[in-house]
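In what follows, a structure is listed as structure tokens, so that the remarks can point back to it.
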Amino acid sequence: MTDTLIEAAPTVSAPAAVAVRRRPARRGGSHVVAHIVLGGGGLLMAFPFVWQIIMSLSTNAEVQSVVPTFWPAELQWQNYADVFDRMPFLSQLNTSIWLTVIRVLAQIVLCTMAGYAFARMRFSGRAILLGITLSILMVPSQVYLISQYQIVQNFGWLDTLIGIVAPGLFSAFGTFLMRTAFLNMPLELEEAARLDGANPFQIFWKIMLPLARPSISVLAITTTLWSWNELLWPLVVSTYSETMPLSAGLATLVGDKNTDYPVMMAASLMAMAPVLILFIVLQRRVIDGLASSGLK
Amino acid sequence: MTTGSTIRPARAKAPRLNPGRAAARRDGFWPWLFVLPLLGGIGLFYLWPIIQTFYFSFTEWGVFGGNTFTGLDNYVRLFADSQLYSALGNTLLYTAIVLTGIPIAVYLASLLNTPGLRFASFYRVLFFLPYVAMPTAVAMVWRIIFNGDFGILNYVLSLVGIDGPYWTSTPGFAMLAVAIVGLWSSLGFSMIILAAGLKNIPPELYEAAELDGATPWRRFTSVTVPLLTPSIFFVLIITTISSFQLFDLLYALLGSSNPVLPKSMSLVYFFYSQGFVSNDKGYAAAIAMVIFLIIGVVTVLQFRFQKRWVNND
């Protein structure tokens, strides 16, 4: 709305381009529409979270009253404490954290190294190996799930953290992501380092890796989201609620007939909280990163 | 790894090589040090399992382990199984509903890109929040919202004189409920991708359109949408593939013991229930291969069809 002052500048300098881009905003009316639609839509998007918070602080009777209780008579903070009696929350949280941390670290190490080699090193069979790795991206996870289960079972890893973590240490997507990142970097830096007598590992570690930081953070973000939220694999390899991560733990809690809704709300809020807080803190980086990678 | 014959010349395919160096340098053992840890894992946990599942799909599993080769039996049984078609129908219905989010996302993204819009990043966060939230955790609150007796959705419906159904326990409505949540959680992702695509449209085009007296709506349909088609296509592919993978939301929203499940299964749920609840792993392997095939066909069709509407210049 303040852009009325910047009328079409004749030159095509960078600021002028900005001015041109901003011109349609002159009509204040379009902003009102945008705020109404985005604000209204945003409220709808946020409503389930708000409702979840309200329900988590209500009594079970209030949750189940036919005319909704929009605000509990008394805030029931006790519901949050009750979570720990109702499910092995801490051990599930522990599993979720380790599962995520280990996968993120392993993928960063393995995918940056392989991605770098596929992008910049020469060795026989490179094209074929790359092709095979990338072809996995097209296969839905059900196709390898049964067999992964067999492997984990044969190793005696059912109901263990290592069993839940193992297949996710390796990522074809991450390799693809990192290869693209390294492909787009200038060759000159490597050349200079090579002339200085650096070996391939030093070049990778000291020069290329720091440059790849933006893509590494995209990899870390996607892996974190997926590891924290994923349900099917952890559900398949863990049968005891103590060894499950939170995603599976919450899902199996649902079966009970006489459910204590407020406690479930509190539990699911606490389960989501770490990732949601991380997202809100790093929002710009997360959104821009995902938008640029354009992939989940 | 054993395929490499050392005499093969390095291909000119390697990106941005200095011409003089093309065939010269090799990196000795270093590349293997870099790729083998990953390739070992990929081979063990992905490649081998894919081959094995393909084999499993032709076998029947005994109760005490061990499997016997039964040829095409699983596939014959599968194609005669009405559950396959019901699961496929449900998955298609779910996908169709979630895809209606794309036009909405195009419109919302164009609003979000309004130059100089205040609170734009706040709106971005609001719309993106459902995408990062754990599906099983948000499904919990949606169960309450959809509850037939005390859910706020039916309460709101009753205010306008509609007697809401038992969403999560009525066939048909159950899938609709899952799809609404799916739409809610995927909208933000589509919006962000599309908003990034919008940034690449040269502002001069809007300028020109405006000089020609195009209304904002006309500018939207004649400039924004045609130039955005590559991003729209990308979102379409990603959303379709991930919708075909529906499992988490369904499992968490309907619950594993819900009597409505046999009629509201998705393909992946069908796979899961056969392979890991009924423990019929040979049959489940056949289901997995069919899911693979269906997704492949749908994706190929989309790529074929894109030439008609995607602007790739």
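Here are some notes:
- Here the contact order of chain B, divided by its residue count and restricted to Cα pairs under 8 Å and six or more residues apart, works out to 25 percent.
- Alpha-carbon gyration tensor eigenvalues x 5, square-rooted, for segment B:209-304, Å: 42, 17, 7
- Computed over chain B, the Cα gyration tensor eigenvalues convert (square root of 5λ each) into semi-axes of 38, 37, 17 Å, ordered from largest to smallest.
- Chain A: DSSP helices with Cα axial extent of at least 27 Å and average Kyte-Doolittle hydropathy no lower than 0.5: A:28-56, A:89-120, A:261-281
- Ellipticity estimate at 222 nm from DSSP helix runs (n ≥ 4, -39,500 (n - 2.57)) divided over the protein assembly as shown, nearest 500: -20000 deg cm²/dmol
- Accessible surface calculations at 1.4 Å, restricted to protein heavy atoms, place the protein assembly as shown at 45 Å² per residue.
- Kirkwood radius and radius of gyration were both taken over the C-alpha atoms of the protein assembly as shown, and their ratio Rg/Rh is 0.99.
- Potential extension, residue A:98-residue A:43 segment - 0.36 nm per residue separation minus Cα distance: 16.4 nm
- Among the residues of A:44-56, the average count of other protein chain beta-carbon atoms within 10 Å of the residue beta-carbon is 5.
- Both the radius of gyration and Dmax for segment A:94-186 are 15.0, 46 Å, in that order, over alpha-carbon atoms.
- Most tightly packed first, judged by the mean number of other beta-carbon atoms within 10 Å of their residues, the peptides B:238-244, B:203-209 read B:238-244, B:203-209.
- Across segment B:131-255, Cα-Cα pairs farther apart than 20 Å form 58% of the total.
- Cut-off under 5 Å, modelled amide H: who pairs with residue B:59 long-range: B:70
- In this label model, residue A:134 and residue A:187 are separated by 1.9 nm, measuring between points 7 Å along each Cα→Cβ vector.
- Rg/Rh (Cα only; Kirkwood hydrodynamic radius) as it applies to segment A:37-132: 1.31
- One decimal place: the segment residue B:256-residue B:119 gains 45.2 nm when fully extended, by the rule 0.36 nm per residue minus the C-alpha distance.
- Eligible aspartates and glutamates near residue A:206 by straight Cα distance, threshold 12 Å, same-chain separation 8 or greater: A:190
- Taking every alpha-carbon pair under 8 Å whose residues sit at least 6 apart, chain A reaches a relative contact order of 27 percent.
- Chain B packed on chain A takes about 10500 Å² of accessible surface away from a 1.4 Å probe, both sides summed.
- Potential lengthening of the chain between residue A:282 and residue A:50 amounts to 81.4 nm, from the contour at 0.36 nm per residue minus the alpha-carbon distance.
- Estimated distance in nm for a label pair at residue A:213 and residue A:195, the labels positioned 7 Å out from Cα along Cα-to-Cβ: 2.7 nm
- For segment B:98-209, averaging the sequence separation of C-alpha pairs within contact (under 8 Å, six or more residues apart) and dividing by the residue count gives a relative contact order of 39 percent.
The values are calculated or read from the model by the stated rules, or taken from the named source; none is laboratory data. What you are looking at is a predicted structure, and each value in this text was computed from that prediction instead of being measured. Positions of Cβ are backbone-derived with ideal geometry, glycine not excepted, and every protein chain shown enters the neighbour counts. Only protein heavy atoms, including side chains, enter the accessible area calculation; ligands, DNA and RNA are left aside. Shrake-Rupley method; radii C 1.70, N 1.55, O 1.52, S 1.80 Å.
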